[in-house]
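Here, each number is a calculation from the coordinates, and none is a lab measurement. Quick caveat: nothing in here was measured; it's all calculated off a predicted structure. Here the Cβ is made from the backbone with ideal geometry for all residues, glycine too, and neighbour counts use every protein chain on show.
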Amino acid sequence: MHTFLDFEKPIAELEGKIAELRHISDDGEINIADEVAKLQTKAERLLRQSYGRLTPWQKTQVARHPDRPHFSDYVAQLIEDFQPLAGDRLYGEDQAIIGGLGRFRGASVVVMGHEKGSDTNSRVKHSFGMARPEGYRKAQRLMHLADRFGLPVITLVDTAGAYPGVGAEERGQAEAIARCIETCLSIRVPFISAIIGEGGSGGAIAIATANRVLMLEHAIYSVISPEGCASILWRSGEQAKDAAEALKLTAQDLSRLEVIDRIVPEPLGGAQRGPREAIKALGDAIESELMELARFEGPALRALRREKFLNMGRKSLS
């Protein structure tokens, strides 16, 4: 059963009526098919209107929707012969970041990303996509592996941020993230990153410092969550809507600011309503960007990546 967000209540009511009508037998007094078609047209028009004018806070809700496809769904549809690689060879395994080797449309790649989980048990297992230091050190290990064997790197970002627990801090969370960003900037292979849901803080950029940064149409990407920003500025999470507006966290805002390189359209109603279509669209975009990056040699790829991030923000300041 589809999960409806607060602003989708009118759509939920219409789709509920459609479901009721479909269970009513046609006794000749009312043409059920015609009535259903009318309601479907009205629901689709309302859905198009709602998603055509989403506020930043509503986009935040969509980006966090529990039915959106997760990392494992993208791997299942886009990556053949996926072989996960575990552990950081220093402390242990972290389930919030999954990574390994596979074939993307015929080409061998290293792919990794945040996995939030799809139900209570899997969300706890994957720590809701919030990685500990060992997760970021595993990411470093996989990127070094890709660099050694000349394999493109694909990362899928979907996290509220790095895990904030005491143990993570004791094991060097900040250092692990910084080293991961450093590794992103040092490898000499094509590197594509995509924000598929929520891209939060250093926990996101740790594996998103790429040659090309893609973003799904209704994803968000920010230095802090709206709730966290509101609690700092207004001492209350109730101002999260205002914070979302001020943070410029939508794909459209970030494209104008040149923080991301490409927006990938989602099906009507978001990726949660058409996961297969959304995954295929992202796969097509990744393939296109990889073909473009194939023109460059390793040192040039690294130089372009570093220049890209050094120049970020200069246009808005000038």
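Our estimate of slack between E245 and A86, defined as 0.36 nm per intervening residue step minus the Cα-Cα distance, is 53.4 nm. Helix 9-22: angle to the longest alpha-carbon principal axis of the chain, degrees 0 to 90, nearest 10? Approximately 60 degrees, to the nearest ten.
Peptides 128-134, 46-52 ranked from most to least packed give 128-134, 46-52, packing being the mean of other C-beta atoms within 10 angstrom over each peptide's residues. Partner lysines whose Cα lies under 26 Å from the Cα of K138, excluding those fewer than 8 positions away in the same chain, are identified as K116, K125, K308. Straight-line cross-link reach from K59 at under 16 Å between alpha-carbon atoms covers these lysines, not counting any fewer than eight positions away in the same chain: K9, K241, K248.
With a simple spin-label model that places each label point 7 Å from the Cα along the Cα-to-Cβ direction, the separation between L233 and R314 comes to 2.8 nm. Ordering V111, V213, V124, V259 from the fewest to the most neighbouring beta carbons within 10 Å gives V124, V259, V213, V111. Compared with the direct C-alpha span, the chain from H144 to L46 gains 30.4 nm at full extension, assuming 0.36 nm per residue.
Expressed per residue, the C-alpha convex hull volume of the stretch 66-146 stands at 80 Å³. Relative to the longest principal axis of the Cα atoms of the chain, helix 32-52 runs at roughly 40 degrees. Modelled spin labels at H2 and E20, positioned 7 Å past Cα toward Cβ, are 1.7 nm from each other. For the peptides 69-76, 273-280, the ranking by packing is 69-76, 273-280, with the highest mean count of neighbouring Cβ atoms within 10 Å listed first.
Taking 0.36 nm per residue of separation and subtracting the Cα-Cα distance, full extension of the segment from I32 to R276 would add 84.8 nm. The Rg/Rh ratio for the chain, using Cα coordinates for both the radius of gyration and the Kirkwood hydrodynamic radius, is 1.02.
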